[in-house]
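> Okay, handing you the structure first.
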Amino acid sequence: MEVFEIALVAWALLFLGDFLSTFIYHIPEHVFGRLHLTTHHSPRKTFRYYAILIPDFWVLMDGLLGALPYFAVSTLLWPYSPTGVIVGLLLGQFHVWWRHVSALGWQTPQPIDLICQVLWITTPERHWLHHRNTHVGYGDIFTFFEQPAILWLRWLRFLRIHLRVQLKRFWQLADLKK
Ligand SMILES: [Zn+2]
Ligand SMILES: [Zn+2]
């Protein structure tokens with residue numbers, strides 16, 4: 001049963017890591033920040049730039065913040081199966097490289113595309129859509145995060161507008177009191 005345990009822990013790591021990374025970092029960054037947008041979504045960059053951490057502080061920062069949830073989940077799952085954690089991290093890293101091969105002109109063969117559809121795994125083509133349009137293609141690894149991600153994105157955008165209005169009111173009031 002050890003193989004089953006390793007597979008389960010590896011899958012849990014990728015599932016929880018992608019969930020936390022998407023909802024705590026990726027989407028809030030798209031709404032409130034600029035770091036991920038300017039580093040990861042800048043057009044016409046090379047495969048190396050998107051998939052391998054280049055020695056640029058901001059690119060490293062974006063990569064690190066996106067990976068942090070995976071490391072946090074790793075420490076939680078470590079007691080259950082260290083091998084499962086290592087397999088999960090390796091698969092996660094492999095997927096980072098693979099989902100950016102569109103920059104190298106790759107086209108996913110149809111049988112692989114079909115397997116990914118059945119397993120809800122993000123293909124390079126799907127991730128490339130996200131690079132070009134930040135409204136779609138969420139869930140770096142799993143496609144089933146797409147719908148809740150879009151809801152979260154809309155809600156945070158609404159919150160941003162609301163916060164701006166409140167902040168404006170606050171400053172207007174502060175001005176009046178002077
Ligand atoms: Zn990407
Ligand atoms: Zn993004």
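> Assign one of three labels to region 1-56, namely rounded, prolate or oblate, based on the Cα gyration tensor with a ≥ b ≥ c the square roots of its eigenvalues; rounded applies when a/c is under 1.5, prolate when it is not and a/b is larger than b/c, and oblate otherwise.
oblate
> Please arrange Thr39, Thr108, Thr46, Thr122 by how many other C-beta atoms lie within 10 Å of their C-beta, fewest to most.
Starting with the residue having the fewest Cβ neighbours, the order is Thr46, Thr108, Thr39, Thr122.
> Also, quick follow-up: To the nearest 20 debye, what is the magnitude of the charge dipole of the chain about its Cα centre, counting +1 on the Cβ of each Lys and Arg and -1 on the Cβ of each Asp and Glu?
The calculated dipole for the chain is roughly 1220 debye.
> Over region 2-177, what relative contact order in percent results from Cα pairs under 8 Å that are six or more residues apart?
Normalised by residue count, the contact order of region 2-177 is 28 percent.
> Picking from His26, His95, His162, which is most flexible by a Gaussian network model of the chain using Cα springs under 10 Å?
The residue with the greatest mean-square fluctuation here is His162.
> For region 2-177, what is the convex hull volume of its Cα atoms per residue in Å³? Write out the running numbers ahead of the final one.
On the way: hull volume 24.8 nm³, N = 176.
Enclosed volume per residue, from the Cα hull, is 141 Å³.
> Using the Cα gyration tensor of region 74-162, with a ≥ b ≥ c the square roots of its eigenvalues, what is the shape: rounded (a/c below 1.5), prolate (a/b larger than b/c) or oblate (neither)?
Because a/c hits 1.5 or more and a/b fails to exceed b/c, region 74-162 counts as oblate.
> Please label the shape of region 130-178 as rounded, prolate or oblate, based on the square roots a ≥ b ≥ c of the eigenvalues of the alpha-carbon gyration tensor (a/c under 1.5 means rounded; beyond that, a/b larger than b/c means prolate, else oblate).
Because a/c hits 1.5 or more and a/b exceeds b/c, region 130-178 counts as prolate.
> OK, next. Rounded to the nearest 500, what is the chain's calculated 222 nm mean residue ellipticity when only DSSP H runs of at least 4 contribute -39500 (n - 2.57) each, over all residues?
-22500 deg cm²/dmol
> If you fit an axis through the alpha-carbon atoms of helix 57-77 and take the longest principal axis of the Cα set of the chain, what angle between them do you get, 0 to 90°, nearest 10?
Between the helix axis and the principal axis of the chain, the angle is about 60 degrees.
> Taking a label point 7 Å from the Cα of Leu68 along the Cα→Cβ vector, which residues of region 10-39 have an amide N closer than 16 Å to it?
Counting only backbone N, you get 17-37.
> By how many nm would the segment from Gln117 to Gln147 grow when fully extended, if each residue of separation counts as 0.36 nm and the alpha-carbon distance is taken off? Provide the component values of the computation, followed by the final result.
Working: separation 30, 0.36 × 30 = 10.80 nm, distance 1.54 nm.
Contour length minus the Cα-Cα distance gives 9.3 nm.
No lab work stands behind these numbers, since they all come straight from the coordinates. Source: prediction; values computed, not measured. Every residue, glycine among them, receives a Cβ derived from its backbone with ideal geometry; neighbour counts consider all protein chains shown.
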